[in-house]
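Step one of this worksheet: look at the structure below.
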Amino acid sequence: MSPGLRPSSRRSSADFPRWGAGLREITGGVRNVVCNVGTATITDSLTALAGQGEVALVGLFSREPLPLDPMLLFGSGGSLRGVAVGTAAQHRELIAFMERHDPRPVVDSVHGFGDAQEAFAHHRRGGVVGKVRVP
C-alpha cells in the first residue's frame, strides 16, 4: 500500500491527482464514496467504485458543470445518489433548536474499542434501546 494512502491518513483530493484510479488500483475498488465536494471530484469518486458501489453526493460545494461519463457507472454497475443537506437557514434553525432543548441521545451500552466485536454481537441479539456506543 502506498505510504500516502494509509487508512488512518487524512488527505485532500488535491494531494492525489487522479486519486480515484489510484484508490481502485490498490483496493480493487471501494463500495461507498461520500463525495462532499461536488462536481470537481465526481469523476474520481465514480472511478474509485467497486462493482455495485455507490457514490453519495452530499451537497454541492462546487457547482461548475463538468461532463459526466456515464460509462463510469455502467462499468462498475454502481450508482450515484444525491443527498440533500438543507439550507443555511435550516442549519441555523437546527442549531437554535439544539441550544433551546439540549437533546441527549439514549445510550444502551458503551464498549471499549477492543470490545467492538462484542458491541456488534450485543446489537445483533436485539432488545437494544438507544445507542450502542464504541468510542
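Quick rundown of the values:
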| quantity | calculated |
| --- | --- |
| Distance histogram for the stretch 70-135 (every C-alpha pair counted, 5 angstrom bins, percent rounded to whole numbers) | 4, 13, 12, 9, 9, 13, 20, 14, 7, 1 |
| Sequence-separation-based contact order of the chain, relative, with Cα cut under 8 Å and 6+ spacing, percent | 16 |
| Dipole of the chain, positive direction: furthest Cα of Leu66, Ile95, Thr47, with charges on the beta-carbon | Ile95 |
| Distance in nm between pseudo-label sites at Ala84 and Asp108 (7 Å out along the Cβ direction from Cα) | 3.1 |
| Test item: Cα-centred dipole of the chain, Lys/Arg +1 and Asp/Glu -1 on Cβ, debye | 180 |
| 5 Å-binned pair-distance histogram of the chain (Cα, whole percent) | 2, 9, 13, 14, 11, 14, 16, 13, 7, 1 |
| Most positive-pole-ward Cα, Gly86, Thr27, His111, against dipole of the chain from beta carbon charges | His111 |
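Laboratory data are not the source of any read-out in this text; all were calculated from the coordinates shown. All values reported here derive from a predicted model rather than from experimental measurement. Methodologically, a virtual Cβ is constructed for each residue, glycine included, from the backbone with ideal geometry; neighbour enumeration extends over all protein chains shown.
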